[in-house]
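What follows is calculated from the coordinates using simple rules that are stated; it is not laboratory data. Remember, it's a predicted structure, so these values are computed and weren't measured experimentally. Methodologically, a virtual Cβ is constructed for each residue, glycine included, from the backbone with ideal geometry; neighbour enumeration extends over all protein chains shown.
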2 protein chains.
Amino acid sequence: MRFSEKISAAAQTNNSWLCVGLDPDIGKLPDHLKSDPGAILKFNKAIIDATADLVCAYKPNSAFYESLGRDGWSVLFETIKAVPDYIPVILDFKRGDIGNTAAMYAKSAYEILGVDAVTVSPYMGNDSIKPFTDYADKGVFVLCLTSNPSAVEIQKQLLSKENDDISDPSMVYHHMAGLALKWNRNKNIGLVVGATSPDELKEIRDIIDDDMPILIPGIGAQGGDLEQSIANGSNSNGQMAIINIARGVIYADYSERFAEKAREAAQNYQQNIAKFSGKKR
Amino acid sequence: MRFSEKISAAAQTNNSWLCVGLDPDIGKLPDHLKSDPGAILKFNKAIIDATADLVCAYKPNSAFYESLGRDGWSVLFETIKAVPDYIPVILDFKRGDIGNTAAMYAKSAYEILGVDAVTVSPYMGNDSIKPFTDYADKGVFVLCLTSNPSAVEIQKQLLSKENDDISDPSMVYHHMAGLALKWNRNKNIGLVVGATSPDELKEIRDIIDDDMPILIPGIGAQGGDLEQSIANGSNSNGQMAIINIARGVIYADYSERFAEKAREAAQNYQQNIAKFSGKKR
């Protein structure tokens, strides 16, 4: 099954385009777990158990596991295994290298960790993307326009009309969206576009295919607007705008009731996403 | 001690600007090691023992360790520990993320693995670089112009003169070199520039400070010219052009004499680098 089919099926089953970010920070765990050596895995499993019927995907962030040291990879592996099979896992690792190195990263993610999709950084061009897209059944989310202030430094630079294939006006991120279309031979590319740029989200949705998913971080903690993001990021059927929430769900509460509170937060997001997606249709 | 001081001291001690890439591929190990579960660590230690007086740095490539699965992080950790203290270790992991995530990657590399420098990808701007440069004693090599064919797709796009701070003519990689200067508050940034672009290497060296190191992959297997790369990439003293060789050293031979042959290959590079650096001075 292709990634786009798997995430669409999960989204339909759970009536949800909510992706929960699994970014467990040992410093932010509930107090009763902090002294437990298996704390992060227990925390993740509790969050997954509490929210699995409310999401279309989970997105573990590799950095949070790597920072655990030698055991980090095992915790990540066990976290991925704890996700029900029908729900895709997007490994957020933003790698960007070429050739044999990119092939090794793809193998690590898709074959060893067994995830369904990854995030990658496009600075080196398609040589750094193709080793991932060659896995036709796996998804590849390419950074396009991010929600941080310094996104202007490269992503929002205006390109000269003297370049081949550059239409007017075109910034690096418009060009990146066009490249994604061109690289998409296996129909498994998606884009990462921050929620803090709703107008740009619409521009990007207008450049790409209707069935290309957009992974949208930046709602909540980073200030992006949910209704606008869905209106501008989803396709003509109100689909394929994947709203990622991490802190807003997993750190909804720091007491022993954290999982229950995470469920309430996830449910709130899921219902709002469903409502706003319905409006779009 | 700052990274630039540490690498300069190692370069002076060993009369070498050669960096050996530790990219161990289990499929390419000598036959007598292939059936050994600790093969990769043994291989790396043998390579380090055989070459430590010929290099200014080692550069393990994270992908090759991650692809080993759960044990990969331990092998990487032990490999880093096996490098003599006076020789800096550059972790090639090309991460590119922001905020808390970038801080976690920096912590993993600098505090947990204990490396002296990393490679990072700049697509998200300084928000993705600053969490690394904030470690003032550590080095940060930012991708600028890479040697792969699809580098043209983003790095060689011509920027419009309507952008602020863009001089004429300017491609994304020229702009990136300028950004590196601007971001370099702690004087710990270096650039990654592929050896297959000697003219562009000179352009970049002319943009940046004399004491900014350039990490130069792409000699040998990828076809870059050593003399040209040193002439164009080093500073006015014939310094700070770090020539990375991986396959040309570590896979010089596949027999039981692999370490001895790796030493011969490294010595050959070290002597040529010293000769060409001397010409430049």
Using Cα springs under 10 Å in a Gaussian network model of chain A, which residue among A:I40, A:I129, A:I112 shows the largest mean-square fluctuation? A:I112
Leading residue at positive end of dipole, the protein assembly as shown (Cβ point charges), from B:A262, B:F77, A:I90: B:F77
Averaged over A:89-96, number of beta-carbon atoms from partner chains that fall within 10 Å: 5
Per-residue average of other protein chain Cβ atoms inside 10 Å, peptide A:71-77 -> 3
Would you kindly work out, in nm and rounded to one decimal, the distances from the label point of A:A136 to those of the same position in each other copy, ordered shortest first, with label points 7 Å along Cα-to-Cβ? 5.6
Work out the mean other chain Cβ neighbour count within 10 Å for the residues of A:54-66 and drop it here as an integer. 3
Starting from the Cα of B:D53, step 7 Å toward the Cβ, then list every residue of the range B:244-269 with an amide N under 18 Å from that point. B:259-269
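If we count other beta carbons within 10 Å of each Cβ, what is the order of B:M1, A:M212, B:M124, B:M240, fewest first?
Fewest-to-most Cβ neighbours within 10 Å comes out as B:M1, A:M212, B:M240, B:M124.
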18 Å Cα-Cα reach of B:K187 towards aspartates and glutamates, excluding residues that sit fewer than 8 places from it in its own chain: B:E5, B:D116, B:D127, B:D134, B:D137, B:D206, B:D209, B:D210, B:D211
Suppose a student asked you for the relative contact order of the range A:67-139, using Cα pairs under 8 Å spaced at least 6 residues apart; what percent would you report? 32
At 7 angstrom along the Cα-to-beta-carbon line, where would the label on A:D49 sit relative to the other copies? Give the distances in nm, shortest first. 5.0
So, with points 7 Å from each Cα along the Cβ direction, the A:D36-B:K42 label distance in nm works out to 4.1
State to the nearest 20 debye the size of the charge dipole of the range A:3-280 about its Cα centre, where the only charges are +1 on K and R beta carbons and -1 on D and E beta carbons. 300
Tell me the angle of helix A:72-81 to the major Cα principal axis of chain A, expressed in degrees between 0 and 90 and rounded to the nearest ten. 90
Near the amide H of A:V118, under 5 Å away, which other amide H atoms are found, from residues 5 or more places off or on another chain, if H is placed in the peptide plane? A:L91, A:G139, A:V140, A:F141
Measure nothing fancy, just the Cα-based angle from helix B:172-183's long axis to the longest principal axis of chain B, in degrees from 0 to 90, nearest 10. 90
Helix A:39-51: inclination vs chain A longest Cα principal axis, degrees, rounded to 10, gives 70
Assuming R0 = 35 Å, what is the FRET efficiency of A:D211 and A:D164, from their Cβ-Cβ distance, to the nearest 0.05? 0.85
Given a Förster distance of 30 Å, report the FRET efficiency between A:Y86 and A:K279 from their Cβ-Cβ distance, rounded to the nearest 0.05. 0.65
Hey, got a sec? Which chymotrypsin sites (Phe, Trp or Tyr not before Pro) in the range B:36-126 land in a DSSP loop and have at most 14 other Cβ atoms within 10 Å? B:Y86
Copy-to-copy label separations for B:S35, where each label sits 7 Å from Cα toward Cβ, in nm and ascending: 5.0
Under 16 Å Cα-Cα from A:K42, which aspartates and glutamates qualify once same-chain neighbours fewer than 8 residues away are excluded? A:D23, A:D25, A:D31, A:D71, A:E78, A:D253, A:E256, A:E260
For a 28 Å ceiling on Cα separation, which of these pairs sit above it: B:K161/B:K202; A:K81/A:K138; B:K28/B:K279; A:K6/B:K34; A:K202/B:K161? B:K28/B:K279; A:K6/B:K34
